[in-house]
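Visitor: Okay, here's the structure, questions in a sec.
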Amino acid sequence: MSAQATAAASGANATQRFRENKQTSAVANQERVALLAGRLIKAANDIVLEERVTYEEYNALKAWLIQVGEDGEWPLFLDVWLEHSVEEVATSHRKGNKGSIEGPYYVPNSPEHNSPATIEMRPEEKGTPLLFQGQVRSTDGSPLPNAKIELWHADEDGFYSQFAPNIPEWNLRGTFITDEEGNFQINTIQPAPYQIPTDGACGQLIAAAGWHAWRPAHLHLKVSAPGYELLTTQLYFPGDPHNDDDIATATKPELMLDIQPAAGRQGVQTSYNFVLDPEA
Ligand code: MBD
Ligand code: FE
């Protein structure tokens, strides 16, 4: 009975999380539905006509779409190949920090700590120790005390707790509160590059197209403070071979960390200051 990190298992978890956490019942306005669904259907028809798609290809598409659902990989598929454009539209007005996609593996209400703190990890947690510190500020430069930093990331094997088996529930997930000066100090480990599951429908597509399945190593963050827009973003590590060809198109030059050897201890450290936009 050894639970394995299968696409279907992590997909089922991601699907369930999505249903629990996201507002999906809002009835969009009829004109908008007709416009957007109409354009999507027209775009697909244009491709069929222009590329002279065969019945063989049409049936392969149908079989694959059915499989995406069976593997629970709609959250993965959409977050990898579409969310980055939605994020771009949603944050284009901002003057503060660059955002990035949330992805399929966020879980709300992770254990809360006052800064400085160490994120929950196993006693034997593998990986380079990482001291992650900085300040949360407003766009006018003023520091934001009591801001909330939610951090989640993969382990040294590229797995996320609650989406892969045999990892403690809140492993490498935590909520950190900035101090009176808006500063934070978080001890964690450096995550590994992440390969999306290769044994499900998304992996099948990647193999069939001759693409790769990698995201560069990344930290996921949600930074918030009362009266400010929620910032959902990711931070990346210089030198990762996939920083310039992320499968999820979610890297930005402004989101690269500056990694230094840790002062007087093992591992590495980095400083990053978050800038939040006041709510309109
Ligand atoms: C991830 O870890 C991730 O961040 C995204 C966007 C998609 C799949 C896995
Ligand atoms: Fe991720």
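The values are calculated or read from the model by the stated rules, or taken from the named source; none is laboratory data. All of these numbers come straight from a predicted model, not from anything done at the bench. Note: ideal-geometry Cβ built from the backbone for every residue, glycine included; neighbour counts use all protein chains shown.
Visitor: For Thr178, are the conditions met, namely being over 30 Å from Gly69 (Cβ atoms), more than 16 Å from ligand 2 (Cβ to nearest atom), buried (at least 17 other Cβ atoms within 10 Å of the Cβ) and of a type in the set (Val, Ile, Thr)? Give the steps one after another, and end with the answer.
Guide: Working: over 30 Å from Gly69 (Cβ atoms): yes; more than 16 Å from ligand 2 (Cβ to nearest atom): yes; buried (at least 17 other Cβ atoms within 10 Å of the Cβ): yes; of a type in the set (Val, Ile, Thr): yes.
Yes.
Visitor: Still on this structure: Can Ala263 be described as closer than 24 Å to Val86 by Cβ, part of a loop (DSSP other than H, G, I, E, B) and of a type in the set (Gly, Ala, Ser)?
Guide: no
Visitor: List every residue pair whose Cβ atoms lie under 6 Å apart, where the two residues are 6 or more positions apart in sequence or sit on different chains, the first residue falls within region 242-265 and is within 14 Å of ligand 1 (Cβ to nearest atom), and the second residue, located anywhere, is of a type in the set (D, E, K, R).
Guide: Every condition considered, the pairs that remain are Asp246/Arg215; Ile247/Arg215; Ala248/Arg215; Lys252/Lys98; Leu255/Lys98.
Visitor: Let me ask something else. Anything in region 155-186 that is more than 16 Å from the chain's Cα centre (by Cα), of a type in the set (D, E, K, R) and within 20 Å of Pro197 (Cβ to Cβ)? List them, or say none.
Guide: Glu156, Asp157
Visitor: Right, something else. Can you find a residue that is farther than 25 Å from Leu257 by Cα, aromatic (Phe, Trp, Tyr) and more than 16 Å from ligand 1 (Cβ to nearest atom) anywhere in region 61-83?
Guide: Yes, some residue in region 61-83 is farther than 25 Å from Leu257 by Cα, aromatic (Phe, Trp, Tyr) and more than 16 Å from ligand 1 (Cβ to nearest atom).
Visitor: Could you list all residues from region 204-239 that are of a type in the set (Val, Ile, Thr) and in contact with a strand residue (DSSP E or B) (Cβ under 7 Å, 6 or more places away or on another chain)?
Guide: Scanning region 204-239 gives Val223, Thr232, Thr233.
Visitor: Follow-up question, since we're still on this one. Any residue that is crowded, with 19+ Cβ neighbours inside 10 Å, over 19 Å from the mean Cα position of the chain (by Cα) and not in a loop (DSSP other than H, G, I, E, B) - is there at least one of those in region 231-253?
Guide: Checked against the condition, which is being crowded, with 19+ Cβ neighbours inside 10 Å, over 19 Å from the mean Cα position of the chain (by Cα) and not in a loop (DSSP other than H, G, I, E, B), region 231-253 yields no hits at all.
Visitor: Between residues in region 102-120 that are in contact (Cβ under 8 Å) with a residue 12 or more places away in the chain and residues that are of a type in the set (Asp, Glu) and away from ligand 1 (no atom under 16 Å from the Cβ), which pairs lie under 8 Å by C-beta distance while being six or more apart or on different chains?
Guide: Pro111/Glu120; Asn114/Asp179; Ser115/Asp179
Visitor: Still on this structure, I have one more. Would you confirm whether any residue within region 147-167 is under 30 Å from Ala63 (Cβ atoms), within 16 Å of ligand 2 (Cβ to nearest atom), free of Cβ contacts under 8 Å to residues at least 60 places away in the same chain and not hydroxyl-bearing (Ser, Thr, Tyr)?
Guide: Yes, the conditions are met somewhere in region 147-167.
Visitor: Taking into account only those residues within region 132-175 that are aromatic (Phe, Trp, Tyr) and more than 16 Å from ligand 1 (Cβ to nearest atom), which is surrounded by the fewest Cβ atoms within 10 Å (Cβ to Cβ)?
Guide: In this case the residue turns out to be Trp170.
Visitor: Are any of the residues in region 188-203 within 11 Å of ligand 1 (Cβ to nearest atom), within 30 Å of Pro278 (Cα to Cα) and either part of a strand (DSSP E or B) or at pLDDT 95 or above (or both)?
Guide: no
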